[in-house]
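The values are calculated or read from the model by the stated rules, or taken from the named source; none is laboratory data. What you see is a predicted model; the values in this text were computed from it and never measured. When we count neighbours, we look across all protein chains shown, and the Cβ atoms used for this are built from the backbone with ideal geometry, even at glycine. Protein only, heavy atoms only, side chains kept; ligands, DNA and RNA dropped before computing areas. Shrake-Rupley method; radii C 1.70, N 1.55, O 1.52, S 1.80 Å.
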Amino acid sequence: MCVAVPAEVLEIKEGNIGVVDYGDLKQEVRLDLVDVKVGEFVLVHVGFAIQRLSREEGLETREIFRQVYAAMEE
Amino acid sequence: MPAGTDIAKSLKEAVDRDMAFMHICGTHEAAIARAGLRSLLPEHLKIVMGPGCPVCITPQGEIDAALELAGRGCIVATYGDLLRVPGTKGSLESCGGDVRVVQGIHKAVGIAQKTDSDVVFISVGFETTAPTVAAMMLTKPPENFSILSCHRIVPPAMKWLLEQGEAKLNGFMLPGHVCTVMGFAEYEQFPVPQVVAGFEPDDILLGLLMLVKQVKEGTHRVENAYPRAVSREGNVKAKRIMYEVFEPSDVEWRGFPVIRGSGLRLKEEFSQYDAWKKYGIMYKHVAKHPACICDKVLRGIAQPSDCKMFAKACTPRTPVGPCMVSHEGACKIWHMYNVRKT
(Lines give C-alpha, C1' and ligand atoms only; values in the text may rest on other atoms or scores of the structure.)
Protein backbone atom coordinates (compact mmCIF):
# COMPACT_ATOMS: atom_id res chain seq x y z
CA MET A 1 0.00 0.00 0.00
CA CYS A 2 2.84 2.39 0.76
CA VAL A 3 4.67 2.02 -2.54
CA ALA A 4 5.08 5.34 -4.34
CA VAL A 5 6.25 5.41 -7.94
CA PRO A 6 7.55 8.33 -10.03
CA ALA A 7 5.73 9.17 -13.26
CA GLU A 8 5.76 11.90 -15.92
CA VAL A 9 2.61 13.97 -16.41
CA LEU A 10 1.56 13.64 -20.09
CA GLU A 11 -1.84 15.27 -20.05
CA ILE A 12 -4.08 17.14 -17.64
CA LYS A 13 -7.83 16.58 -17.94
CA GLU A 14 -10.83 18.15 -16.29
CA GLY A 15 -11.65 17.23 -12.70
CA ASN A 16 -8.09 17.00 -11.36
CA ILE A 17 -7.29 13.95 -13.47
CA GLY A 18 -4.00 13.50 -15.26
CA VAL A 19 -2.54 10.91 -17.58
CA VAL A 20 0.91 9.87 -16.41
CA ASP A 21 3.65 7.69 -17.82
CA TYR A 22 5.51 5.32 -15.48
CA GLY A 23 7.95 4.34 -18.23
CA ASP A 24 6.18 1.31 -19.64
CA LEU A 25 2.68 2.01 -18.46
CA LYS A 26 0.32 4.95 -18.92
CA GLN A 27 -2.45 5.49 -16.41
CA GLU A 28 -4.93 8.08 -15.21
CA VAL A 29 -4.19 9.40 -11.71
CA ARG A 30 -5.73 12.04 -9.46
CA LEU A 31 -3.90 15.36 -9.24
CA ASP A 32 -5.89 16.89 -6.34
CA LEU A 33 -2.88 17.11 -4.01
CA VAL A 34 -0.32 18.76 -6.30
CA ASP A 35 -0.05 21.72 -8.67
CA VAL A 36 1.72 20.39 -11.75
CA LYS A 37 2.23 21.08 -15.43
CA VAL A 38 2.56 18.69 -18.35
CA GLY A 39 6.13 17.37 -18.52
CA GLU A 40 6.72 17.51 -14.76
CA PHE A 41 7.26 14.41 -12.62
CA VAL A 42 5.15 13.32 -9.70
CA LEU A 43 5.31 10.57 -7.07
CA VAL A 44 2.17 8.41 -7.38
CA HIS A 45 0.69 6.55 -4.39
CA VAL A 46 -2.68 4.69 -4.29
CA GLY A 47 -3.65 6.38 -7.57
CA PHE A 48 -2.86 9.94 -6.43
CA ALA A 49 0.13 12.17 -7.14
CA ILE A 50 1.37 12.94 -3.61
CA GLN A 51 4.35 15.16 -4.44
CA ARG A 52 6.04 16.87 -7.35
CA LEU A 53 9.57 15.75 -8.24
CA SER A 54 12.14 17.50 -10.36
CA ARG A 55 12.67 15.96 -13.78
CA GLU A 56 16.13 14.65 -12.85
CA GLU A 57 14.83 13.19 -9.61
CA GLY A 58 11.96 11.54 -11.43
CA LEU A 59 14.15 9.99 -14.09
CA GLU A 60 16.73 8.88 -11.54
CA THR A 61 14.12 7.27 -9.28
CA ARG A 62 12.47 5.59 -12.26
CA GLU A 63 15.81 4.11 -13.23
CA ILE A 64 16.23 2.75 -9.69
CA PHE A 65 12.80 1.14 -9.89
CA ARG A 66 13.68 -0.38 -13.27
CA GLN A 67 16.85 -1.91 -11.79
CA VAL A 68 14.92 -3.27 -8.81
CA TYR A 69 12.30 -4.89 -11.03
CA ALA A 70 14.99 -6.31 -13.32
CA ALA A 71 16.75 -7.78 -10.27
CA MET A 72 13.49 -9.28 -9.05
CA GLU A 73 12.97 -11.05 -12.36
CA GLU A 74 16.40 -12.65 -12.29
CA MET B 1 25.25 -5.18 -3.57
CA PRO B 2 28.65 -3.64 -4.34
CA ALA B 3 27.54 -0.01 -4.17
CA GLY B 4 26.70 -0.26 -0.48
CA THR B 5 29.96 -1.78 0.67
CA ASP B 6 31.74 1.55 1.22
CA ILE B 7 28.98 2.80 3.45
CA ALA B 8 28.81 -0.57 5.20
CA LYS B 9 32.56 -0.33 5.83
CA SER B 10 32.24 3.18 7.26
CA LEU B 11 29.45 1.91 9.49
CA LYS B 12 31.62 -0.91 10.84
CA GLU B 13 34.34 1.60 11.66
CA ALA B 14 31.93 4.07 13.24
CA VAL B 15 29.98 1.81 15.60
CA ASP B 16 31.86 1.66 18.92
CA ARG B 17 29.01 0.77 21.32
CA ASP B 18 25.59 -0.88 21.35
CA MET B 19 23.13 1.13 19.30
CA ALA B 20 19.54 0.43 18.32
CA PHE B 21 17.45 2.36 15.85
CA MET B 22 13.84 1.96 14.89
CA HIS B 23 12.33 2.50 11.47
CA ILE B 24 8.60 3.04 11.14
CA CYS B 25 7.92 1.91 7.61
CA GLY B 26 7.01 -1.42 6.06
CA THR B 27 8.77 -0.49 2.86
CA HIS B 28 11.98 0.06 4.84
CA GLU B 29 11.64 -3.42 6.37
CA ALA B 30 11.07 -4.96 2.93
CA ALA B 31 14.17 -3.22 1.54
CA ILE B 32 16.28 -4.26 4.55
CA ALA B 33 15.19 -7.91 4.29
CA ARG B 34 15.42 -8.09 0.49
CA ALA B 35 18.98 -6.77 0.43
CA GLY B 36 20.01 -8.78 3.50
CA LEU B 37 21.19 -5.55 5.10
CA ARG B 38 21.15 -6.87 8.67
CA SER B 39 23.92 -9.29 7.72
CA LEU B 40 26.09 -6.33 6.68
CA LEU B 41 25.65 -4.41 9.91
CA PRO B 42 28.21 -4.38 12.69
CA GLU B 43 27.40 -6.66 15.63
CA HIS B 44 26.56 -3.80 17.97
CA LEU B 45 24.15 -2.07 15.59
CA LYS B 46 20.52 -3.12 15.54
CA ILE B 47 17.69 -1.86 13.39
CA VAL B 48 14.21 -2.84 14.51
CA MET B 49 10.86 -2.32 12.90
CA GLY B 50 8.32 -0.24 14.75
CA PRO B 51 4.63 0.38 14.09
CA GLY B 52 5.18 1.20 10.42
CA CYS B 53 2.82 -1.20 8.67
CA PRO B 54 -0.60 0.44 8.45
CA VAL B 55 -2.45 -2.84 8.09
CA CYS B 56 -0.64 -4.38 11.08
CA ILE B 57 -1.39 -1.54 13.48
CA THR B 58 -5.08 -1.50 12.54
CA PRO B 59 -6.66 -3.10 15.63
CA GLN B 60 -8.93 -6.10 15.35
CA GLY B 61 -11.92 -4.01 16.47
CA GLU B 62 -11.66 -2.03 13.23
CA ILE B 63 -11.43 -5.22 11.13
CA ASP B 64 -14.55 -6.42 12.96
CA ALA B 65 -16.29 -3.14 12.11
CA ALA B 66 -15.47 -3.67 8.41
CA LEU B 67 -16.82 -7.24 8.64
CA GLU B 68 -19.99 -5.94 10.27
CA LEU B 69 -20.54 -3.56 7.34
CA ALA B 70 -20.05 -6.41 4.85
CA GLY B 71 -22.51 -8.49 6.90
CA ARG B 72 -25.09 -5.73 6.66
CA GLY B 73 -24.99 -5.89 2.87
CA CYS B 74 -22.76 -2.89 2.14
CA ILE B 75 -20.29 -3.13 -0.71
CA VAL B 76 -16.96 -2.95 1.10
CA ALA B 77 -14.10 -1.44 -0.90
CA THR B 78 -10.59 -1.93 0.47
CA TYR B 79 -6.91 -2.01 -0.31
CA GLY B 80 -5.89 -5.60 -1.06
CA ASP B 81 -3.54 -5.72 1.94
CA LEU B 82 -6.47 -5.83 4.33
CA LEU B 83 -8.28 -8.82 2.80
CA ARG B 84 -6.78 -11.63 4.85
CA VAL B 85 -6.33 -9.87 8.18
CA PRO B 86 -8.17 -12.07 10.69
CA GLY B 87 -11.10 -10.51 12.50
CA THR B 88 -13.05 -12.15 15.31
CA LYS B 89 -15.18 -13.99 12.77
CA GLY B 90 -13.16 -14.63 9.63
CA SER B 91 -11.62 -12.06 7.32
CA LEU B 92 -12.91 -9.77 4.57
CA GLU B 93 -11.73 -12.37 2.08
CA SER B 94 -13.71 -15.20 3.68
CA CYS B 95 -16.76 -13.34 4.97
CA GLY B 96 -18.94 -13.98 1.92
CA GLY B 97 -19.89 -10.31 1.56
CA ASP B 98 -19.45 -8.08 -1.49
CA VAL B 99 -15.83 -7.06 -0.89
CA ARG B 100 -13.95 -5.33 -3.69
CA VAL B 101 -10.26 -4.52 -3.89
CA VAL B 102 -9.51 -1.02 -5.14
CA GLN B 103 -6.33 0.90 -5.97
CA GLY B 104 -7.48 3.90 -3.95
CA ILE B 105 -10.53 5.75 -2.68
CA HIS B 106 -11.29 7.32 -6.08
CA LYS B 107 -12.06 3.86 -7.46
CA ALA B 108 -14.40 3.18 -4.52
CA VAL B 109 -16.25 6.42 -5.27
CA GLY B 110 -16.46 5.24 -8.89
CA ILE B 111 -18.20 2.05 -7.71
CA ALA B 112 -20.69 4.10 -5.66
CA GLN B 113 -21.52 6.26 -8.67
CA LYS B 114 -22.63 3.18 -10.62
CA THR B 115 -24.81 1.47 -7.99
CA ASP B 116 -27.74 2.15 -5.68
CA SER B 117 -26.20 -0.01 -2.95
CA ASP B 118 -24.25 1.49 -0.09
CA VAL B 119 -20.49 1.51 -0.62
CA VAL B 120 -18.03 1.83 2.29
CA PHE B 121 -14.32 2.41 1.79
CA ILE B 122 -12.15 0.99 4.59
CA SER B 123 -9.89 3.96 5.03
CA VAL B 124 -6.66 2.73 6.60
CA GLY B 125 -3.17 4.14 6.41
CA PHE B 126 -0.88 6.88 7.63
CA GLU B 127 -0.30 10.41 6.35
CA THR B 128 0.33 9.13 2.82
CA THR B 129 -3.20 7.84 2.24
CA ALA B 130 -5.16 10.23 4.47
CA PRO B 131 -4.74 13.25 2.12
CA THR B 132 -5.97 11.19 -0.85
CA VAL B 133 -9.13 10.35 1.10
CA ALA B 134 -9.54 13.96 2.18
CA ALA B 135 -9.23 15.11 -1.44
CA MET B 136 -12.10 12.84 -2.50
CA MET B 137 -14.28 14.00 0.40
CA LEU B 138 -13.98 17.50 -1.07
CA THR B 139 -15.36 16.29 -4.43
CA LYS B 140 -18.78 15.59 -2.82
CA PRO B 141 -19.11 11.83 -3.40
CA PRO B 142 -22.64 10.39 -3.83
CA GLU B 143 -24.90 9.84 -0.80
CA ASN B 144 -24.51 6.07 -0.87
CA PHE B 145 -20.77 6.44 -0.24
CA SER B 146 -19.00 6.61 3.12
CA ILE B 147 -15.65 5.78 4.69
CA LEU B 148 -14.71 3.82 7.80
CA SER B 149 -11.85 6.03 8.97
CA CYS B 150 -9.12 3.91 10.54
CA HIS B 151 -6.28 6.36 9.86
CA ARG B 152 -3.28 6.76 12.13
CA ILE B 153 -0.61 9.42 12.24
CA VAL B 154 3.00 8.66 13.09
CA PRO B 155 4.34 11.34 15.49
CA PRO B 156 2.01 10.55 18.46
CA ALA B 157 3.09 6.88 18.32
CA MET B 158 6.75 7.93 18.30
CA LYS B 159 6.07 10.14 21.31
CA TRP B 160 4.47 7.18 23.10
CA LEU B 161 7.43 4.91 22.30
CA LEU B 162 9.89 7.50 23.57
CA GLU B 163 7.97 8.15 26.79
CA GLN B 164 7.53 4.47 27.40
CA GLY B 165 11.17 3.59 26.78
CA GLU B 166 10.81 -0.21 26.68
CA ALA B 167 12.44 -0.56 23.25
CA LYS B 168 15.65 1.23 24.39
CA LEU B 169 16.19 3.18 21.19
CA ASN B 170 19.02 5.51 20.23
CA GLY B 171 17.12 7.10 17.38
CA PHE B 172 14.64 6.77 14.56
CA MET B 173 14.82 6.31 10.82
CA LEU B 174 11.84 8.36 9.68
CA PRO B 175 9.42 7.05 7.03
CA GLY B 176 10.32 8.49 3.63
CA HIS B 177 6.88 8.69 2.10
CA VAL B 178 5.07 9.94 5.20
CA CYS B 179 7.68 12.72 5.28
CA THR B 180 7.23 13.31 1.54
CA VAL B 181 3.72 14.50 2.39
CA MET B 182 4.16 15.88 5.91
CA GLY B 183 7.74 17.15 5.82
CA PHE B 184 9.84 16.66 8.94
CA ALA B 185 9.38 19.87 10.94
CA GLU B 186 6.98 18.16 13.37
CA TYR B 187 9.64 15.58 14.25
CA GLU B 188 11.97 18.31 15.54
CA GLN B 189 10.08 18.18 18.86
CA PHE B 190 11.66 14.80 19.66
CA PRO B 191 15.04 15.01 21.44
CA VAL B 192 16.61 11.98 19.73
CA PRO B 193 18.68 11.45 16.57
CA GLN B 194 16.43 11.13 13.52
CA VAL B 195 17.14 10.72 9.81
CA VAL B 196 14.60 10.68 6.96
CA ALA B 197 15.71 7.85 4.69
CA GLY B 198 14.81 6.63 1.22
CA PHE B 199 14.22 3.04 0.20
CA GLU B 200 17.29 1.84 -1.63
CA PRO B 201 19.82 -0.27 0.31
CA ASP B 202 22.31 2.60 -0.02
CA ASP B 203 19.71 5.10 1.24
CA ILE B 204 19.12 2.98 4.32
CA LEU B 205 22.81 2.37 5.05
CA LEU B 206 23.46 6.09 4.64
CA GLY B 207 20.60 6.86 7.01
CA LEU B 208 22.06 4.47 9.58
CA LEU B 209 25.52 6.01 9.25
CA MET B 210 24.07 9.48 9.83
CA LEU B 211 22.23 8.20 12.92
CA VAL B 212 25.40 6.56 14.27
CA LYS B 213 27.31 9.81 13.79
CA GLN B 214 24.71 11.77 15.75
CA VAL B 215 24.89 9.27 18.63
CA LYS B 216 28.69 9.50 18.69
CA GLU B 217 28.58 13.30 18.64
CA GLY B 218 26.07 13.23 21.47
CA THR B 219 23.71 15.46 19.47
CA HIS B 220 20.20 15.10 18.15
CA ARG B 221 18.60 16.66 15.11
CA VAL B 222 16.47 15.69 12.13
CA GLU B 223 18.58 15.09 9.04
CA ASN B 224 17.29 14.42 5.55
CA ALA B 225 18.90 11.57 3.60
CA TYR B 226 16.06 11.50 1.06
CA PRO B 227 16.09 15.05 -0.38
CA ARG B 228 14.97 13.89 -3.82
CA ALA B 229 11.41 13.55 -2.44
CA VAL B 230 11.36 15.11 1.03
CA SER B 231 11.55 18.73 2.15
CA ARG B 232 11.18 20.18 5.65
CA GLU B 233 7.72 21.54 4.94
CA GLY B 234 6.48 18.57 2.82
CA ASN B 235 3.51 18.91 0.48
CA VAL B 236 1.77 21.95 1.94
CA LYS B 237 -1.32 21.55 -0.25
CA ALA B 238 -1.81 17.91 0.76
CA LYS B 239 -1.44 18.77 4.46
CA ARG B 240 -3.96 21.60 4.17
CA ILE B 241 -6.50 19.32 2.44
CA MET B 242 -5.97 16.59 5.06
CA TYR B 243 -6.69 18.94 7.98
CA GLU B 244 -9.59 20.58 6.16
CA VAL B 245 -11.40 17.23 6.27
CA PHE B 246 -9.97 15.34 9.27
CA GLU B 247 -9.32 16.19 12.91
CA PRO B 248 -7.18 14.26 15.40
CA SER B 249 -8.83 11.63 17.58
CA ASP B 250 -7.73 9.34 20.42
CA VAL B 251 -7.45 5.77 19.15
CA GLU B 252 -6.00 2.40 19.99
CA TRP B 253 -3.29 0.84 17.80
CA ARG B 254 -2.79 -2.88 17.61
CA GLY B 255 -0.16 -3.64 20.24
CA PHE B 256 -0.53 -0.19 21.81
CA PRO B 257 -3.03 1.38 24.18
CA VAL B 258 -5.15 4.37 23.16
CA ILE B 259 -2.71 7.04 21.99
CA ARG B 260 -3.91 10.60 22.31
CA GLY B 261 -4.37 12.45 19.02
CA SER B 262 -3.01 9.57 16.94
CA GLY B 263 -6.08 8.93 14.78
CA LEU B 264 -7.99 10.94 12.23
CA ARG B 265 -11.77 11.26 12.21
CA LEU B 266 -13.92 13.16 9.75
CA LYS B 267 -14.88 16.64 10.87
CA GLU B 268 -18.54 17.30 11.69
CA GLU B 269 -19.30 18.85 8.30
CA PHE B 270 -18.34 15.58 6.59
CA SER B 271 -20.29 13.34 9.00
CA GLN B 272 -22.65 12.14 6.26
CA TYR B 273 -19.62 10.25 4.90
CA ASP B 274 -18.63 8.84 8.30
CA ALA B 275 -19.56 5.13 8.27
CA TRP B 276 -19.06 4.87 12.06
CA LYS B 277 -21.90 7.37 12.54
CA LYS B 278 -23.99 6.49 9.48
CA TYR B 279 -24.34 2.83 10.53
CA GLY B 280 -24.04 3.39 14.29
CA ILE B 281 -21.05 1.09 14.62
CA MET B 282 -19.36 0.97 18.01
CA TYR B 283 -15.65 0.27 18.18
CA LYS B 284 -14.93 -2.69 20.45
CA HIS B 285 -11.53 -3.58 21.86
CA VAL B 286 -10.65 -7.22 21.11
CA ALA B 287 -8.09 -9.16 23.14
CA LYS B 288 -5.29 -10.59 21.02
CA HIS B 289 -4.64 -14.26 20.27
CA PRO B 290 -2.74 -15.49 23.35
CA ALA B 291 0.26 -16.92 21.47
CA CYS B 292 0.62 -14.08 18.92
CA ILE B 293 3.41 -11.58 19.62
CA CYS B 294 2.56 -9.08 16.85
CA ASP B 295 2.08 -6.50 19.62
CA LYS B 296 5.69 -6.90 20.77
CA VAL B 297 6.97 -6.91 17.17
CA LEU B 298 5.13 -3.64 16.50
CA ARG B 299 6.62 -2.05 19.62
CA GLY B 300 10.12 -3.08 18.55
CA ILE B 301 10.79 -5.37 21.53
CA ALA B 302 10.58 -8.73 19.72
CA GLN B 303 11.50 -10.09 16.30
CA PRO B 304 9.18 -12.21 14.17
CA SER B 305 11.39 -15.26 14.74
CA ASP B 306 10.90 -14.93 18.51
CA CYS B 307 7.30 -16.07 18.00
CA LYS B 308 6.54 -19.73 18.66
CA MET B 309 4.03 -19.73 15.80
CA PHE B 310 6.32 -18.05 13.22
CA ALA B 311 6.42 -20.14 10.01
CA LYS B 312 4.63 -22.96 11.85
CA ALA B 313 1.03 -22.25 12.89
CA CYS B 314 1.31 -18.76 11.39
CA THR B 315 2.23 -18.48 7.70
CA PRO B 316 1.16 -16.13 4.87
CA ARG B 317 -1.46 -18.73 3.86
CA THR B 318 -2.76 -19.19 7.39
CA PRO B 319 -1.95 -15.93 9.16
CA VAL B 320 -2.76 -15.70 12.85
CA GLY B 321 -1.50 -12.17 13.38
CA PRO B 322 -1.66 -9.15 11.05
CA CYS B 323 2.13 -8.89 10.64
CA MET B 324 1.98 -12.14 8.63
CA VAL B 325 -0.65 -10.70 6.27
CA SER B 326 0.47 -7.43 4.76
CA HIS B 327 3.36 -7.12 2.33
CA GLU B 328 4.61 -4.53 4.77
CA GLY B 329 4.27 -6.72 7.85
CA ALA B 330 7.55 -7.76 9.47
CA CYS B 331 6.52 -11.43 9.82
CA LYS B 332 5.41 -11.75 6.18
CA ILE B 333 8.61 -10.09 5.01
CA TRP B 334 10.83 -12.29 7.19
CA HIS B 335 8.92 -15.36 6.02
CA MET B 336 9.30 -14.37 2.36
CA TYR B 337 13.05 -13.79 2.62
CA ASN B 338 13.50 -16.78 4.90
CA VAL B 339 14.97 -14.75 7.73
CA ARG B 340 15.55 -16.71 10.91
CA LYS B 341 17.26 -15.59 14.09
CA THR B 342 19.49 -12.54 13.75
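Data table
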{"quantity": "Unique residue being among the β-branched types (Val, Ile, Thr) and in contact (Cβ under 8 Å) with a residue 40 or more places away in the chain when the list is B:Val55, B:Val109", "calculated": "B:Val55"}
{"quantity": "Selection status of B:Glu186, touching a helix residue (DSSP H, G or I) at 6+ places or on another chain (Cβ under 6 Å), away from every other protein chain (no Cβ under 14 Å) and open to solvent by 30 Å² or more (accessible area, probe 1.4 Å)", "calculated": "yes"}
{"quantity": "Residue within the stretch B:62-78 that is assigned to a loop (DSSP other than H, G, I, E, B) and touching a Leu at 6+ places or on another chain (Cβ under 6 Å) present", "calculated": "no"}
{"quantity": "Members of the stretch B:93-135 found to be out of contact with any Leu (no Cβ under 7 Å at 6 or more places or on another chain), away from chain A (no Cβ under 11 Å) and charged (D, E, K, R), listed by number", "calculated": "B:Asp98, B:Arg100, B:Lys114, B:Asp116, B:Asp118"}
{"quantity": "Residues of the stretch B:273-303 classified as modelled with pLDDT of 95 or more and in a helix (DSSP H, G or I), total", "calculated": "5"}
{"quantity": "Filter result for the condition that a residue is among the acidic types (Asp, Glu) and within 27 Å of B:Gly218 (Cα to Cα), over B:Glu13, B:Glu93", "calculated": "B:Glu13"}
{"quantity": "Every residue from the stretch B:123-140 that is touching a residue at least 40 places away in the same chain (Cβ under 8 Å) and open to solvent by less than 10 Å² (accessible area, probe 1.4 Å)", "calculated": "B:Val124, B:Gly125, B:Phe126, B:Glu127, B:Thr128, B:Thr129, B:Ala130, B:Pro131, B:Val133, B:Ala134, B:Ala135, B:Met137"}
{"quantity": "Check on B:Leu92, more than 19 Å from the chain's Cα centre (by Cα), outside any strand (DSSP E or B) and free of Cβ contacts under 8 Å to residues at least 40 places away in the same chain", "calculated": "yes"}
{"quantity": "Residue check for B:Pro175: farther than 27 Å from B:Gln272 by Cα, more than 18 Å from the chain's Cα centre (by Cα) and outside the structural domain of B:Ile259 (by TED's automatic domain parsing)", "calculated": "no"}
{"quantity": "Residue in the stretch B:313-321 that is assigned to a helix (DSSP H, G or I) and within 18 Å of the chain's Cα centre (by Cα) present", "calculated": "no"}
{"quantity": "Residue identified as within 14 Å of chain A (Cβ to nearest Cβ) and either closer than 30 Å to B:Ser146 by Cβ or of a type outside the set (S, T, N, Q) (or both) among B:Arg221, B:Arg254, B:Arg228, B:Arg265", "calculated": "B:Arg228"}
{"quantity": "Restricting the stretch B:25-43 to residues that are outside any helix (DSSP H, G or I) and within 11 Å of chain A (Cβ to nearest Cβ), the residue that is surrounded by the most Cβ atoms within 10 Å (Cβ to Cβ)", "calculated": "B:Cys25"}
{"quantity": "Residue list for the stretch A:19-28, restricted to those being under 14 Å from A:Val5 (Cβ atoms) and more than 10 Å from chain B (Cβ to nearest Cβ)", "calculated": "A:Val20, A:Asp21, A:Tyr22, A:Gly23, A:Asp24, A:Leu25, A:Lys26"}
{"quantity": "Single residue of the stretch A:29-53 satisfying the filter (more than 10 Å from the chain's Cα centre (by Cα) and more than 8 Å from every other protein chain (Cβ to nearest Cβ)) that is most open to solvent (accessible area, probe 1.4 Å)", "calculated": "A:Lys37"}
{"quantity": "Every residue from the stretch B:249-279 that is touching a residue at least 24 places away in the same chain (Cβ under 8 Å) and open to solvent by 90 Å² or more (accessible area, probe 1.4 Å)", "calculated": "B:Arg260, B:Arg265, B:Gln272"}
{"quantity": "Any hit, the stretch B:259-267, residues being of a type in the set (Lys, Arg), within 23 Å of A:Gln51 (Cα to Cα) and either in contact with a Leu (Cβ under 8 Å, 6 or more places away or on another chain) or part of a strand (DSSP E or B) (or both)", "calculated": "no"}
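Every residue, every condition in (1) in the same structural domain as B:Ala30 (by TED's automatic domain parsing); (2) over 19 Å from B:His327 (Cβ atoms); (3) open to solvent by 10 Å² or more (accessible area, probe 1.4 Å), yes or no:
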{"position": "B:Leu45", "(1), (2), (3)": "yes, yes, no"}
{"position": "B:Asp64", "(1), (2), (3)": "no, yes, yes"}
{"position": "B:Cys74", "(1), (2), (3)": "no, yes, no"}
{"position": "B:Gly80", "(1), (2), (3)": "no, no, yes"}
{"position": "B:Gly90", "(1), (2), (3)": "no, yes, yes"}
{"position": "B:Gly96", "(1), (2), (3)": "no, yes, yes"}
{"position": "B:Gln103", "(1), (2), (3)": "no, no, yes"}
{"position": "B:Lys114", "(1), (2), (3)": "no, yes, yes"}
